[in-house]
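Read through the structure below, which is laid out as structure tokens, and then see the notes.
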Amino acid sequence: MLSSFSVFGVRAKRWGKKYVDGRDWREYNERLVARGEAYVSLDFLDSWEEDVEKLNRKKVGRPYTYPVSLMTFMAYLHTLLSVDFRGLQGFLRGLSKLVGFEVPDYSQICRRVNKLDLKVGDTLIPYGGKDVVVSLDSTGVKVTNRGEWMRRKWKVHRGWIKVHVSVDDRGKQVVALSVTDDGVHDNREFGGLVEQSVENVKNAGGRRVAQADCDAAYDSNENFEKLEELGITPCIKIRGGEPPTARSRNPRKKYAREFYELGYKGWRTKYGYGRRWYVEAAHSVVKRKCGEYVQATRKDNMFHEVKLKYLFCNALIKYDECGVLPWQQHHAALEPS
């Protein structure tokens, strides 16, 4: 194992300057400690009756008994702490001994959590009228936790869930999200992700998406055309090979020729391509916090669980800045404290 001295030496050699840790560790540690308070939050009790009343307006059939805020809190514990639905019923049973309320059955918790409609925009920090640079990429999530031995020994392959995301350079949050099976190529989801990003950034108070950073998997004529249509500067790494011919009329031509003229290092410096790693960091955070596999067994529930993983990690970032979690928004200020 490398010593800390040699690690810093490698960093200095690679980046051309000495590594300086500018983080305020006292503040950072306090933020992480404060996140733990959310695991025993009882904010859903504050507006229980009001939320249930809103749910049941114009409701046909049996009325709802439990508010959305409660189910959002249950989804949070299920996703971040990997508590199964029966365990969630037991958790609420324990809380009800301290503060009296009616405890739902685990089957109802399961149904409501899997139908929870949490929006990306609900989890974003306000941008304050700033332009945003987004980075796009995808990653795979396992559908089971059986391990590689089972796969190799018994030749059992259940595939992957593929999650496509767009991450901003301001709050390092996911501003667009799409979940598919492993047979969907990144290019198919590109246009939808960019459009989601533009809408969510605008709704969160930002001016616009100014630039989109992507690796070479997104190098296609259609993607350059989409970005030109939306007025977004492309920062897509060009695949190896010959530069485009003079006959080419696609928007890709201009950027591809520039890429070959500047060389990779010059192009990377001009467009700030290093920011693309923000999307890799987002994938890493979700997998470390929530695990690399899903607990659900039905395909649609798997996709929904993966979506919640990313949105609740978003919500933790917003909680650090604004002190608000998704089930608290109905009665708490949304502006940064």
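No value in this document is a laboratory result; all are computed from the given coordinates. Everything numeric in this text was worked out from a predicted model, so none of it was measured. Cβ atoms come from the backbone with ideal geometry, glycine included; neighbour counts cover every protein chain shown.
Given the pairs K172/K287; K18/K172; K142/K318, which span a C-alpha to C-alpha distance of over 19 angstrom in this model? Present the calculation step by step, with values, prior to reporting the outcome.
Numbers: K172/K287 15 Å; K18/K172 24 Å; K142/K318 27 Å.
Table pairs above 19 Å Cα-Cα are K18/K172; K142/K318.
Given the Cα-Cα distance of W48 and K287 and 0.36 nm per residue of separation, how much length would full extension add, in nm?
Values: separation 239, 0.36 × 239 = 86.04 nm, distance 3.25 nm.
That works out to 82.8 nm of additional length.
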The residues M74, M302, sorted from fewest to most surrounding Cβ atoms within 10 Å, come out as M302, M74
Against the globular-protein guess of 2.2 N^0.38 Å, express the Cα radius of gyration of segment 41-117 as a ratio, rounded to two decimals. 1.06
Within segment 289-324: backbone nitrogen closer than 13 Å to the A34 label point (7 Å, Cα to C-beta): 316-324
Semi-axis lengths (Å, descending) of the ellipsoid that matches the C-alpha gyration tensor of the chain: 39, 23, 23
Extending each Cα 7 Å along its Cβ direction at F101 and K270, get the distance between those two points in nm, one decimal. 5.7 nm
Treat the count of other C-beta atoms within 10 Å as a stand-in for reagent exposure and order V60, V286, V33, V134 from fewest to most. V60, V33, V286, V134
Neighbour net charge for K289 - beta-carbon separation under 13 angstrom, K R +1, D E -1: +3
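Filter the cross-link list K119/K226; K58/K299; K237/K270 down to pairs whose alpha-carbon distance in this structure exceeds 22 Å. Could you put the intermediate results ahead of the total?
Numbers: K119/K226 24 Å; K58/K299 31 Å; K237/K270 13 Å.
From K119/K226; K58/K299; K237/K270, over 22 Å: K119/K226; K58/K299.
Could you please report the charge total around L230, scoring K, R as +1 and D, E as -1 over all other residues with beta-carbon less than 12 angstrom from its beta-carbon?
That works out to -2.
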Note on segment 87-210: alpha-carbon gyration tensor, axes a ≥ b ≥ c; rule is a/c under 1.5 for rounded, else prolate if a/b larger than b/c, else oblate; result oblate
